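The values are calculated or read from the model by the stated rules, or taken from the named source; none is laboratory data. From a predicted model like this one, the values you see are computed outputs, not experimental measurements. For neighbour counting, all protein chains shown are included, and Cβ atoms are generated from backbone atoms with ideal geometry for every residue, glycine included. The area values use the complete protein model at the heavy-atom level, side chains included, leaving out ligands, DNA and RNA. Shrake-Rupley method; radii C 1.70, N 1.55, O 1.52, S 1.80 Å.
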Amino acid sequence: MELPLVVGVDGSDSSLQAVDWAVDEAARHGLPLRIVYASLWERYEGARPSFGAGRPSEEIMAEHIAASCADRAQRRSPELKVSSEVLPDDAVSVLLHAAHESFALVTGSRGRSEIAGMLLGSVSLTVAARAVCPVVVVRGGERNRQSSHGRVVVGVGDSTESSAAVRFAFQEAESRGCALHAVRAWRRPAHEHVDQPLVADDAVSAHEERASTLLADALRDADRDHPQVDVHRQPVEGPAHKVLLDASAEADLVVVGALRRHGHFGLQLGRVAHALLHHSACPVAVAPQRT
């Protein structure tokens, strides 16, 4: 069975940008697009006595938003298989449940108002930190969202958290026909051989060489499975979150991993992913790695 790409909407400008991005993504991968709107109107309206035949305004609004997003998606890609539905639950629960039968989840980064924006930001963060499938938060400038740079960036950290991110990044680069820039950040201890310049130079070379080796090891299997992808390996000195934030400025998508520890139900999101979700100049994909 073909898993759909799922996008969560709320009617905000940010969620409409997420719909547009999700349409293009689903078309690239040949996937159906499922649009979901989470609404608790049934829970609250169902507890009240009904004094009239009129439908609750929240129900009408929810159905209108879902239907208008579906229409927007269909107009953007007439051949795409699109479905939409309103689900009676909170947004986090709806999206986390949908993740079990999704290729990936897509969300925006802001809500319908200042207060809603804070809530939706929390929803996006929570879903990215807990979902069992990749989650893409659509953010950044228009050129980045429109895939104008021809570049996917993947952050390669420890092998325990990077393999799923690497696989997802290769799939994205292949589907887009663009270059993949695999980045491994490295740092030397501040106190290392500071009074011996020649030794310090050797130490820098050693750190960089080790980063290059770890990068090659992390990419080997996916590189073999996707030989047509143009891969650029980039060991870069600096804090990982800063290195990837800098790279996001000229990227269409940045991909990072996140561990999902069995039996652990709290937020499972590292510092690097957290920084990118808040500050990246392009859409961010968080690919979960089970341990």
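Just a few scattered comments:
- Listed by first and then second residue, the pairs with beta-carbon distance under 7 Å, at least 6 apart or on different chains, first residue in the range 161-183 and at negative phi, second among the hydroxyl-bearing types (Ser, Thr, Tyr), are Arg176/Ser147.
- Residue pairs whose Cβ atoms lie under 7 Å apart, separated by 6 or more positions or on different chains, with the first residue in the range 274-285 and within 14 Å of Arg145 (Cα to Cα) and the second open to solvent by less than 20 Å² (accessible area, probe 1.4 Å) and of a type in the set (Asp, Glu), are Cys282/Asp252.
- Members of the range 167-182 found to be within 13 Å of His232 (Cα to Cα) and either part of a helix (DSSP H, G or I) or open to solvent by 10 Å² or more (accessible area, probe 1.4 Å) (or both), listed by number: Ala169, Phe170, Ala173, Cys178, Ala179, His181
- Each residue in the range 225-245 was checked for being more than 14 Å from Leu180 (Cβ to Cβ) and open to solvent by 70 Å² or more (accessible area, probe 1.4 Å), and 2 pass.
- Residue-level analysis places Leu214 outside the set of residues that are modelled with pLDDT of 95 or more, open to solvent by less than 60 Å² (accessible area, probe 1.4 Å) and either within 30 Å of Gln146 (Cα to Cα) or of a type in the set (A, V, I, L, M, F, W, C) (or both).
- Residue selected from the range 138-166 under the condition open to solvent by 30 Å² or more (accessible area, probe 1.4 Å) and more than 21 Å from His279 (Cβ to Cβ), by the criterion modelled with the highest pLDDT: Gly150
- Unique match (being under 13 Å from the mean Cα position of the chain (by Cα), outside any helix (DSSP H, G or I), modelled with pLDDT under 95 and not charged (D, E, K, R)) among Ser124, Ser109: Ser109
- The residue that is nearest to Leu40 (Cα to Cα), among those in the range 60-87 that are open to solvent by 70 Å² or more (accessible area, probe 1.4 Å) and in a loop (DSSP other than H, G, I, E, B), is Lys81.
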